[in-house]
Amino acid sequence: MQEGADLDLAAVRAFVAVTEDHYFSEAAARLGITQQAISKRIARLEADLGVRLFLRSRSGAGLTADGRAFLPHARALTSIADQALQALRDRSRRLRVDVLDTRLASLDLVRDFHQTIEGTDIEVITSNGLRSAPASLTQGTIDAAFARTTGPLADGLRSTPAFLEPNCLIVGMDHPLAAEREVPMERLSGVTVWMPGNAPGSEWGEYYRLLGAEFDVHIDTSGPDFGWEHYVAEIVSGARIGMTGERCRLPWHPRTARIPLVDPCPVYPTSLLWHHQNHHPLLRSLIRFTESRFPPYDPTRQWLPAPDRPAFEASS
């Protein structure tokens, strides 16, 4: 190899492709170029290196001793180049953050991050929580997700506690509880709370099932679920009462009351999830920001289902 000569990356890619496909024609098809073009690239690479890389025969192209020696370095070169290109692509696109609903508290944290950390460019995506987020994180279609999670995560996924949101009772102004400043959980024993959005198999549906079992509250998930406006209208009518997080942005109505639940206060646990191979430059900043904002779990006044406690107690 001539001193100071630079290798052509396209020629190196051609060399790796021929090595893997064994035929110049198949390697050319994979790279989307002609067989003549790939032959020229290999010839140029051999000239630059000053060695012969392939022995051509009817059974395909086999590596020479020099070709075998060069192969791991060629693969390393293309890998480094791919990583560099991906890093630039990551820097040029928005951080894609998945939230369950834009009315929920997770959006507040994303908004605070955007306003606090300089240079953030974020795309908010809504989905159906853990039923889709793990696959989307693994595939790289989203960079981070806020969701309740318990137990082992899918391979490659990581999480950190994000926040604990107190639950409140939602009643119409004509309901007997409307004048209360707070409602102890024991007063809800035997009461039916309507939550048509608690989809079967969802992590939030499971949370409220456990809450109901703990405090003898019947969670009515009957629908159909016609959305937040219909939910509030039904509660205002006095026919039902509801429950939601204290920071949930319900449609405003003058005839509703939101009453804190206490003794203990049931808190909904939300974690931030990401894939450990995701290298978006803003992702680490979001993780650090989330961890810095996490309030400790207080078991003396707050309630969590047993499956959620290990992660949130460890972070307290």
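The values are calculated or read from the model by the stated rules, or taken from the named source; none is laboratory data. Please read these numbers as outputs of a predicted model, since none were measured by experiment. Because the Cβ atoms are built from the backbone with ideal geometry, glycine has one as well, and the counts that use them run over all protein chains shown.
Which pairs have Cβ atoms under 8 Å, sit 6 or more apart or on different chains, and link a residue in region 107-123 that is in a strand (DSSP E or B) to one that is surrounded by 12 or more Cβ atoms within 10 Å (Cβ to Cβ) and not basic (Lys, Arg)?
ILE122/LEU95; ILE122/VAL97; ILE122/VAL110; ILE122/PHE113; ILE122/HIS114; ILE122/LEU282; GLU123/LEU95; GLU123/VAL97
Look at ALA144 and say whether it is touching an Asp or Glu at 6+ places or on another chain (Cβ under 8 Å), small (Gly, Ala, Ser) and assigned by TED's automatic domain parsing to the domain that holds THR102.
So ALA144 passes the test.
Restricting to region 106-124, give me the number of residues that are under 19 Å from PHE294 (Cβ atoms) and at pLDDT 90 or above.
Here the count works out to 11.
Could you list, in sequence order, the residues of region 128-165 that are buried (at least 17 other Cβ atoms within 10 Å of the Cβ), free of Cβ contacts under 8 Å to residues at least 60 places away in the same chain and not in a helix (DSSP H, G or I)?
Matches in region 128-165: ILE142 only.
Can you tell me which of (1) outside any helix (DSSP H, G or I); (2) surrounded by fewer than 17 Cβ atoms within 10 Å (Cβ to Cβ); (3) modelled with pLDDT of 90 or more; (4) of a type in the set (D, E, K, R) is the one ASP6 doesn't meet?
Exception for ASP6: condition (3).
Please indicate, with yes or no, whether at least one residue in region 100-113 is among the polar types (S, T, N, Q) and touching a Ser or Thr at 6+ places or on another chain (Cβ under 8 Å). Give the derivation first.
Of all residues in region 100-113, those among the polar types (S, T, N, Q) come to 102, 106.
From what is left, the residues that are touching a Ser or Thr at 6+ places or on another chain (Cβ under 8 Å) are 102, 106.
Yes, region 100-113 has at least one match.
Those residues that are within 16 Å of ALA27 (Cα to Cα) and surrounded by fewer than 15 Cβ atoms within 10 Å (Cβ to Cβ), I need them from region 41-59; list them, please.
Taking region 41-59 as the starting set, the residues that turn out to be within 16 Å of ALA27 (Cα to Cα) are 41-43, 45, 53-59.
Those that are within 16 Å of ALA27 (Cα to Cα) and surrounded by fewer than 15 Cβ atoms within 10 Å (Cβ to Cβ): ALA43, LEU55, ARG56, SER57, ARG58, SER59.
Please find, among ARG103, ARG89, the residue that is basic (Lys, Arg) and at pLDDT below 90.
Selected residue: ARG89, the only one of ARG103, ARG89 that is basic (Lys, Arg) and at pLDDT below 90.
Considering only region 156-182, how many residues are over 18 Å from SER237 (Cα atoms), touching a helix residue (DSSP H, G or I) at 6+ places or on another chain (Cβ under 9 Å) and of a type in the set (A, V, I, L, M, F, W, C)?
Of the residues in that region, 4 qualify.
Only residues in region 291-306 that are within 17 Å of TYR207 (Cβ to Cβ) count as the first member; pair them with residues that are modelled with pLDDT under 95, Cβ under 7 angstrom, at least 6 apart or cross-chain, and list the lot.
From residues that are within 17 Å of TYR207 (Cβ to Cβ), the pairs are TYR297/PHE312; TYR297/GLU313; TYR297/SER316; LEU304/TYR297; LEU304/PHE312.
Name the residues in region 72-86 that are at pLDDT below 90 and not aliphatic (A, V, I, L, M), would you?
Selection gives THR78, SER79, ASP82, GLN83, GLN86.
Regarding GLY50, is this residue without any contact (Cβ under 8 Å) to a residue 40 or more places away in the chain, at positive phi and of a type outside the set (A, V, I, L, M, F, W, C)? Explain how you work it out, then say what you get.
Numbers: without any contact (Cβ under 8 Å) to a residue 40 or more places away in the chain: no; at positive phi: yes; of a type outside the set (A, V, I, L, M, F, W, C): yes.
No.
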